[in-house]
Structures are given as structure tokens and as C-alpha cells.
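Student: Next up is a structure, given as C-alpha cells.
The values are calculated or read from the model by the stated rules, or taken from the named source; none is laboratory data. Quantities reported herein were computed from a predicted structural model and do not represent experimental measurements. Glycine also receives a Cβ, built like all others from the backbone with ideal geometry; neighbour counts cover every protein chain displayed. These area figures cover heavy atoms from the full protein model, side chains too; ligands, DNA and RNA do not enter into them. Shrake-Rupley method; radii C 1.70, N 1.55, O 1.52, S 1.80 Å.
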Amino acid sequence: MSYPFNREQEIEACAAFLQSASKIAVLSGAGISTESGIPDFRSSNGLWQKEEVREAITRSCFSRQPERFYYYFSQLFLSWTDIKPNQGHLALADLENEQGKWVGIATQNIDGLHQVAGSKQVIELHGNLRHAVCQKCGTAKVMNGIKEKLENKMIPLCDCGGILKPKVVLFGDPLDMQEFRKAQIWMAQADLIFCLGTSLTVTPANTLLQHRRHDSKLVIINLEATPYDREADYVFHAKVGEILPVIVQKSQTGD
Ligand code: APR
């Protein structure tokens, strides 16, 4: 737990952690992508504030009323077509590509922005928007290939006639436990962990922190308080895009 002393000193301390860290694990959430124009879920203007959206983007709604699911899902998907990584994503990619640090990112996000920014070790705990899978024959289709169907408010179907489901983990869906196990190992190996833009309220993603080493450092950058703040070495209730690049820059140049 950090004590409220001057932010400059806290940033310097985190930059020193970064300099000496050999393995950095990241747990990111929707908050790292809000600065790219994608709303998060639980903030006051988050997606889940609208009950009709929250109830539609679920496995049970997809199964029972796919037209209702796709009515809401397509509005989200089509509004995210030209999104770009922001300073938060780019700072993480710099750590790996400029500073040669080992960085493993377990993200709850489906937007793919960590990979677009250049990060190479990314586990998408809740899937991604790149593919959709046929619920009848299991064929995977590229999501961009069915964009036109969504624009014309049509339910995307496979050649076999089965309904295509985006490869995202909806409420009610199981996670890819092989990938989740890999993320647990990353957390257990890391000597420095960043939680970036996540309320840390959704399991099992938030249980990843229980796998961290007792001697690892934990830094949380999140606009609002999280249930893990008290366990962190440093907490910044601020924007990821404002704080993380400064920590990375300071760890690189020392100034
Ligand atoms: N910088 C830092 N924090 C931010 C920023 C920002 N620019 N913008 C928003 N936040 C914070 C919010 O204050 C909030 O606490 O990010 C957090 C996002 O929390 P959630 O909206 O709960 O999103 P997340 O933690 O990713 O949710 C996890 O829940 O519904 C499921 O599948 C969905 O993957 C999602 C999961």
C-alpha cells in the first residue's frame, strides 16, 4: 500500500521497479481503451449502465433471441471499426520492443488494440472481435467478412446455415482454460505486475492476482478505487494514458 506522498516520487519509484524488473505481467481492462474512444462497462457512462445492452450481450440472449443479441452487438462492433491504440497501449509495446523487457499481457478486452500497438505476448481472456464461429459446424469466419451482414441488420450465417457467434466470452460462456492457465503462470513468474484500467471486479480474471509472488510489486492505474488497492505497492487513480507513458519514459531515460 503506498502512502499519499508526492506523485512525482511515486512515479520515480515505479520507474525504478520497471528498470529492475525482469518479467512484467499486465492485467488490463476496458479502462485502457477508453482513451481510444471505446466506452468501458461499469463507469457512470459505461456500456452496462444500459440494462437493455447488458441483458442482450449474453450467451442466453444469443441462444434464445439472436436477432436481439445482434441488434445491440452490431451497434457496438460497427462503432469500433476505426479504433486505434492510445499512449497506454503504445507504452506497453515500447517496454517490449524498445527496452527488450519480457511483458506478458492478460487482457479482458476484445478490441485487439494491444496487438495493434505492437505487444507480442497477449492473452485475450474474453476472446476477440477478429473471428466468429459457426454454432452448428464450428467453422471460424473472419468478423470483417460479415460486417456487411451486420450493417444490413442481418444475422450472420455460415454456409452450412448455422448461426455465427463472435469469438468473445459472453456472460454464461466458459473461458479458454488453457489460455487462462498460461496467464496464471505469467502472474506467478512476474516480479512486477501492472493492473491497468480495470475495476478488478470480474472473476475469474481478477483471481489472477492471487497467483502473484509474495515478493512481486503490484502497481494499479485505474480512475476509480479497486478491491485490490490496499494490496498494491502504488495506486494511481488517474488515466492510464497519462501515467504509464511517464513511468516507462522515466525508466528508460531516468529523467
Ligand atoms: N484510465 C484508467 N482507468 C480508466 C480509464 C482510463 N483512461 N477509463 C476508465 N477507467 C477505469 C474505470 O474507472 C473502471 O474502474 O477502468 C475501469 C473499467 O472497469 P470495467 O468497466 O468494469 O471494465 P473491466 O474491468 O475491463 O470489466 C471486466 O467485465 O463485463 C465484463 O467482459 C466484460 O471484460 C469485461 C469485464
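Student: Which lysines have a Cα less than 20 Å from the Cα of residue 23, not counting those fewer than 8 places away in the same chain?
Tutor: Candidates past the 8-residue exclusion: 101, 120, 182, 217, 250.
Student: For the range 52-62, just list the computed ³J(HN,Hα) in residue order, Karplus coefficients 6.51, -1.76 and 1.60, θ = phi - 60°, integers in Hz, with x standing in for Gly and Pro.
Tutor: Going residue by residue, I get 5, 6, 4, 7, 7, 8, 9, 5, 5, 5, 4 Hz, with x marking Gly and Pro.
Student: Now, a different point. Cross-link partners among aspartates and glutamates for residue 136, C-alpha distance below 20 Å, same-chain residues fewer than 8 apart left out?
Tutor: Reachable aspartates and glutamates: 67, 159, 173, 176.
Student: Please report, in whole Å, how far the alpha carbons of the chain spread along each principal axis, starting with the longest.
Tutor: 58, 33, 31
Student: May I pose another question? What is the local net charge at residue 116, summed over the other residues whose Cβ is closer than 15 Å to its Cβ (Lys, Arg +1; Asp, Glu -1)?
Tutor: Here the charged neighbours net out to -3.
Student: Follow-up. Return the percentage of antiparallel bridges among DSSP beta bridges fully within the chain, rounded to the nearest 5 %.
Tutor: 25 percent
Student: Also: With the Cα gyration tensor of the range 63-107 in hand, give its eigenvalues times 5 under a square root as the equivalent ellipsoid semi-axes, listed largest first in whole angstrom.
Tutor: That gives 35, 13, 5 Å for the three semi-axes.
Student: So, one more: Taking the simple approach of a point 7 Å from Cα along Cα-to-Cβ for both residue 102 and residue 121, what is their distance in nm?
Tutor: Inter-label distance under the simple model: 0.6 nm.
Student: Next question. With a bin width of 10 angstrom, please list the P(r) values of the range 59-179 as percents of all Cα-Cα pairs, from the 0 bin to the one holding the largest distance.
Tutor: Distribution as computed: 13, 39, 31, 14, 3 percent.
Student: Just to check I understand the Karplus step: with θ = phi - 60° and J = 6.51 cos²θ - 1.76 cosθ + 1.60, what whole-Hz values come out for the range 141-153, glycine and proline as x?
Tutor: Karplus values, whole Hz, x for Gly and Pro: 10, 6, 4, 4, x, 10, 4, 4, 4, 5, 5, 8, 6.
Student: To the nearest 20 Debye, how big is the dipole of the range 116-255 about its Cα centre, given +1 on the beta carbon of each Lys and Arg and -1 on that of each Asp and Glu?
Tutor: 500 debye
Student: Right, something else. Please list, in chain and number order, the residues 5+ apart from residue 141 or on another chain whose amide H is under 5 Å from its amide H, with Hs placed from the backbone.
Tutor: 132, 133, 134
Student: Suppose R0 equals 35 Å. What FRET efficiency, 1/(1 + (r/R0)^6) with r the Cβ-Cβ distance, do residue 178 and residue 8 give to the nearest 0.05?
Tutor: Efficiency at R0 = 35 Å is approximately 0.25.
Student: Share of the chain's accessible area from carbon and sulfur, percent, 1.4 Å?
Tutor: Here it works out to 50 percent.
Student: Taking a temperature of 4 °C and a viscosity of 1.567 mPa s, what whole-number D in µm²/s does Stokes-Einstein yield for the range 212-253 with Rh from Kirkwood over alpha carbon pairs?
Tutor: 115 µm²/s
Student: Along the charge dipole of the range 66-143, Cβ charges K/R +1 and D/E -1, which of 118, 139, 79 sits furthest on the positive end?
Tutor: Result: 139, furthest along the dipole toward the positive end.
Student: With every protein chain kept in place and ligands, DNA and RNA left out, what is the accessible area per residue of the chain? Probe 1.4 Å, answer in Å².
Tutor: Here the per-residue accessible area is 48 Å².
Student: Convex hull volume of the Cα atoms in the range 182-255, per residue, in Å³?
Tutor: 98 Å³
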